[in-house]
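Following: one structure in structure tokens, then a few remarks.
The values are calculated or read from the model by the stated rules, or taken from the named source; none is laboratory data. As the structure is a prediction and not an experimental result, all values here were calculated from the model. Cβ atoms come from the backbone with ideal geometry, glycine included; neighbour counts cover every protein chain shown. For accessibility, only protein heavy atoms count, side chains too; no ligands or nucleic acids. Shrake-Rupley method; radii C 1.70, N 1.55, O 1.52, S 1.80 Å.
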Amino acid sequence: GNRNLCEGINTITGINARTTCGVCNSTEIQINNLQGIYSALCIDGIPSISGLGSYYGLSGIPLGLIKEIKITKGPYNSKISNEGISGTIDIKTKEYLDLAKLDVSLQTSSLGENDLSIGFKNQIKSTKNLFLINAAGSTFSVDKNNDSFTDFSNYKNLNLFYSLWLIDTERITIKLTSRTFFEDRWGGEISWTKNDRGKETKYGESIISKRTENNLLVKYKKETSSINYIISHTFHEE
């Protein structure tokens, strides 16, 4: 099965998840054959203002977190984000009612890939909490053609997602969301180890990523309109 957005989006016409590096398997989503840097990524309507969001922002979103995906082709939504020249990908995450009190999912493959998602929620008076943990990784290197080079990258990643509804009424919604993503990915010679990182003895490409996205949404609904206030914070270290 598909583990994340990049693997599950190729069935949409005009959308292509393309591997940009055959060694470390970095992936981008192209709209109308334009590079991924020209696609805007939004989570719950809030733009992820980061060029790296088109790479690590997408591959780090497990499918268990996604409720629906809305894709708009063309530069119309560039008013939302200046990166949305080719189009906009808006990912709507699961709401409080979409997740069971305890939700566990486990996937594994013959290539040594394992994916575990654990989600749970609770409510204390009017405050609602939703928390999802996703851990994935490969357990061994694959070299089917026996060229002493990895057929695809080895990886270990951890994705933490948290939603907090301080107020959720018909009139006012105050919602805090936070997503943190850690990844250690490498590809190259089968005999490559972490001790070879930064050296020239063996060929390998190693990427260690730390990314966090935090959003505060305040929505005030009137009878005929609504006013949204959004505070967004993104941090990426590699």
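So SER109 passes all but one of these: (1) under 30 Å from GLY45 (Cβ atoms); (2) open to solvent by less than 60 Å² (accessible area, probe 1.4 Å); (3) not aliphatic (A, V, I, L, M). Which condition number does it fail?
Against the list (1) under 30 Å from GLY45 (Cβ atoms); (2) open to solvent by less than 60 Å² (accessible area, probe 1.4 Å); (3) not aliphatic (A, V, I, L, M), SER109 comes up short only on (1).
Of all the residues that make up the stretch 105-149, how many are more than 19 Å from the chain's Cα centre (by Cα) and among the aliphatic types (A, V, I, L, M)?
Adding up the residues that qualify gives 3.
Out of THR212, THR201, THR234, which single residue is over 25 Å from LYS67 (Cβ atoms) and either modelled with pLDDT under 90 or over 21 Å from the mean Cα position of the chain (by Cα) (or both)? Don't jump to the end; show me each part of the working.
On the way: THR212 fails: over 25 Å from LYS67 (Cβ atoms); THR234 fails: over 25 Å from LYS67 (Cβ atoms).
When all the criteria are applied, what remains is THR201.
Is it the case that GLU189 is closer than 14 Å to ASN154 by Cα and modelled with pLDDT of 90 or more?
So GLU189 passes the test.
Count, please, the residues in the stretch 152-173 that happen to be assigned to a strand (DSSP E or B) and either under 17 Å from SER141 (Cβ atoms) or among the basic types (Lys, Arg) (or both).
Residues meeting the conditions: 4.
Considering GLY1, GLY14, which residue is at pLDDT below 65 and surrounded by fewer than 18 Cβ atoms within 10 Å (Cβ to Cβ)?
Selected residue: GLY1, the only one of GLY1, GLY14 that is at pLDDT below 65 and surrounded by fewer than 18 Cβ atoms within 10 Å (Cβ to Cβ).
Spot the failing condition for LYS202; the list is (1) more than 12 Å from ILE46 (Cβ to Cβ); (2) charged (D, E, K, R); (3) touching a residue at least 40 places away in the same chain (Cβ under 8 Å), and only one is missed.
Condition (3) is where LYS202 drops out.
So, in the stretch 207-238, how many residues would count as being more than 30 Å from THR169 (Cβ to Cβ) and either of a type in the set (Phe, Trp, Tyr) or in contact (Cβ under 8 Å) with a residue 40 or more places away in the chain (or both)?
The qualifying residues number 6.
Please pick out the residue among THR72, THR88 that is surrounded by 18 or more Cβ atoms within 10 Å (Cβ to Cβ), more than 29 Å from PHE120 (Cβ to Cβ) and either at pLDDT 75 or above or over 18 Å from the mean Cα position of the chain (by Cα) (or both).
THR88
Of the residues that make up the stretch 129-140, is at least one among the small types (Gly, Ala, Ser) and open to solvent by 30 Å² or more (accessible area, probe 1.4 Å)?
yes
One residue is enough: does the stretch 172-189 have a residue meeting the conditions without any contact (Cβ under 8 Å) to a residue 12 or more places away in the chain and among the acidic types (Asp, Glu)?
Initial filter on the stretch 172-189 (without any contact (Cβ under 8 Å) to a residue 12 or more places away in the chain): none.
No, because not a single residue in the stretch 172-189 is without any contact (Cβ under 8 Å) to a residue 12 or more places away in the chain and among the acidic types (Asp, Glu).
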